[in-house]
Every structure is written in C-alpha cells, then in structure tokens.
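Chemist: The structure's right below; bear with me while I get my questions together.
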Amino acid sequence: MTSNLLKTYCKELKLGGVPSVYEQIDFQDRQQYLTAVLGAELEMRRQNRIKKLLRKAAFTNLKTLEDFEFTTVTLPETTNIAALTDLLFLEKRENVIMLGAVGTGKTHLATALGVKACMQGKQVRFFRAADLVNTLLEKHKGGTLARYMRELNQCELLILDEVGFVPFHRDGSDLLFNVIADCYERSSVIVTSNLEFGQWTSVFGDSRLTAALVDRLVHHAHILAFTGESYRLRKALSGSKEQSK
Ligand SMILES: Nc1ncnc2c1ncn2[C@@H]1O[C@H](COP(=O)(O)OP(=O)(O)OP(=O)(O)O)[C@@H](O)[C@H]1O
Ligand SMILES: [Mg+2]
C-alpha cells in the first residue's frame with residue numbers, strides 16, 4: 001500500500017491521527033500493531049475533544065488543581081478536598097459557592113475544577129457574572145435569547161465568577177435569575193463572590209429575586225470560605241514564590 005493510498009483511506013474513514021503516528025509505532029505482530037495504531041487514534045481524538053471543550057468553556061486563565069494550595073480555604077462539613085477535586089458535586093448536580101476576600105484563590109479553584117471537568121469530557125462554561133449579564137441583555141435585544149439559553153442549558157457546569165463586583169440592571173438580574181433557575185437540580189453551578197449572601201441584594205437590586213436566587217443556589221451546595229490575605233499581595237510583598245501561612 002502506498003502512503004498516499006493510506007492517507008486517502010484514513011481520510012475516508014476519518015482516522016485523522018493514523019497517518020501521523022503509524023510509522024512511529026513498533027511492530028511486533030499484526031494484532032499488537034493494529035491495536036496500538038487504533039489506540040493512538042482514539043487518544044488523539046480524546047485530546048482533541050478536551051481541547052475543544054476547554055476552548056468552548058472560555059476560561060480567562062487556565063489553572064490547575066495541582067498548583068492550588070488549600071490552606072486559604074475552609075471547607076464545609078458537606079465535602080472534603082478529595083470529594084471536591086474528584087468532582088463528586090458534578091455527579092450529584094450540586095453547586096459550589098466560593099465566598100471570600102480578594103486574591104484568596106476563588107477564581108483559581110473555580111477554574112481548576114472547570115478544567116478538570118473538561119478533562120473528563122464535560123461541557124463547561126466560564127463567565128464573569130457581569131459579562132454573562134451583558135451577553136444575556138444583548139441576546140434579549142437581538143431576539144436570540146431563547147437559542148442562547150438552549151445552548152447554555154447544554155452545559156453540565158456553569159461557572160459564574162465575580163458575582164458582586166458590579167451591580168446588575170434589573171433586566172440583567174432577571175435574565176441571570178432565569179439562567180440559574182434553569183440549572184437548578186439539572187446541572188451544577190460554581191459561583192464566586194467577595195460578598196456575603198446578605199449583601200447580594202445590592203448586586204441584584206431586588207430582595208425577593210435575590211432571596212429566590214440564593215435559595216436555589218444553596219439548596220444543594222457546598223459553601224467554601226476563602227480567608228487570609230490576598231495571594232497577589234503576599235506575593236508582591238514577599239517577592240518570593242514560597243509563602244508562609
Ligand atoms: N490557594 C492558592 N494556591 C495557589 N495559587 C493561588 C491561591 N490563591 C490564589 N492564588 C493565585 O493568586 C492569584 C489570585 O488568585 P485568584 O484570582 O484566584 O483570587 P480571587 O479570590 O479570585 O480574587 P478576586 O476576588 O480579586 O477575583 C492567582 O494568580 C492565583 O493563581
Ligand atoms: Mg477572582
């Protein structure tokens with residue numbers, strides 16, 4: 001078989017990875033060789049799928065759990081580090097709420113959990129809350145909100161970062177409420193905020209809507225408290241990577 005014919009066959013069979021790996025795989029016997037070639041094709045597809053999921057999730061920065069120190073986080077009794085990082089909350093469609101001061105690692109941990117979910121083949125979307133609200137308002141204006149909501153509803157993990165940095169307009173709050181209500185008991189949400197729940201009315205502008213939203217979010221949720229000094233500040237002050245507690 002000529003290499004061109006092989007390429008044509010692979011293209012027709014949609015075995016896009018085979019032409020680039022088949023020459024590098026050791027040959028012992030036919031079965032071992034074919035199995036290894038097909039294994040390489042499968043692995044390449046898996047990697048491509050993960051890349052696509054990571055792109056679609058639209059993280060602002062890629063962060064990993066390996067780089068995260070849990071010293072700043074107080075976990076509730078409902079979970080522990082192993083359960084959280086094994087993403088058991090996703091299986092159970094529970095939420096994770098991360099509350100705490102600036103620079104204490106909320107976005108890092110939320111992103112790292114989202115990245116791991118993508119690695120496991122899950123559909124994830126990452127938004128700064130204010131950006132999602134703006135997008136929802138735009139789609140609403142443009143008459144394409146229903147389609148956008150259907151798209152959002154496909155995701156298994158919605159990450160809403162920085163709830164509380166910017167107050168929302170009333171219409172924006174209503175639209176965000178609908179997104180969260182749609183996720184309720186159907187998919188997981190991770191929310192990060194600098195504000196205690198008691199201050200969320202100042203963000204959403206309406207106490208009844210805020211109460212209904214918080215109620216849905218916390219019903220099946222793990223609430224993590226991030227304490228301590230800002231990691232950014234500590235790093236800037238010490239000028240060193242190694243931080244003491
Ligand atoms: N516990 C941690 N382990 C490792 N890196 C951390 C930790 N906490 C923070 N960092 C790092 O410090 C920087 C700031 O963290 P991050 O952006 O996650 O904070 P934040 O709580 O989201 O802050 P903000 O409330 O201002 O959004 C990032 O570069 C992050 O990787
Ligand atoms: Mg943040």
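Chemist: As a test, work out the antiparallel percent of DSSP beta bridges whose residues both lie in the chain, rounded to the nearest 5.
Modeler: Expressed as a percentage, antiparallel bridges in the chain total about 10.
Chemist: Enumerate the lysines that K92 could reach by cross-link, defined here as Cα to Cα under 29 Å, with residues fewer than 8 away along the same chain left out.
Modeler: Within reach: K51, K52, K56, K63, K106, K116, K122.
Chemist: Sticking with this structure for a sec: Given a Förster distance of 25 Å, report the FRET efficiency between R55 and E138 from their Cβ-Cβ distance, rounded to the nearest 0.05.
Modeler: 0.75
Chemist: What is the ratio of the Cα radius of gyration of the stretch 18-169 to 2.2 N^0.38 Å, with N the residue count, to two decimals?
Modeler: 1.34
Chemist: Determine, at each q value in 0.13, 0.15, 0.20 (inverse angstroms), the log₁₀ of I(q)/I(0) that the Debye formula gives when each Cα of the stretch 3-54 is one equal point scatterer.
Modeler: -0.34, -0.44, -0.73
Chemist: If you don't mind, another one. At D86 and A181, where each label point lies 7 Å from the Cα along Cα→Cβ, what is the point-to-point distance in nanometres?
Modeler: Once both label points are built, they end up 3.6 nm from each other.
Chemist: With each run of n ≥ 4 DSSP H residues scored as -39500 (n - 2.57), what mean residue ellipticity at 222 nm is computed for the chain after dividing by its residue count and rounding to the nearest 500 deg cm²/dmol?
Modeler: Computed ellipticity for the chain at 222 nm equals -15500 deg cm²/dmol.
Only the coordinates and a few stated rules stand behind these numbers; no lab work does. What you see is a predicted model; the values in this text were computed from it and never measured. Cβ coordinates were reconstructed from backbone atoms using ideal geometry, including for glycine residues, and neighbour counts include every protein chain displayed.
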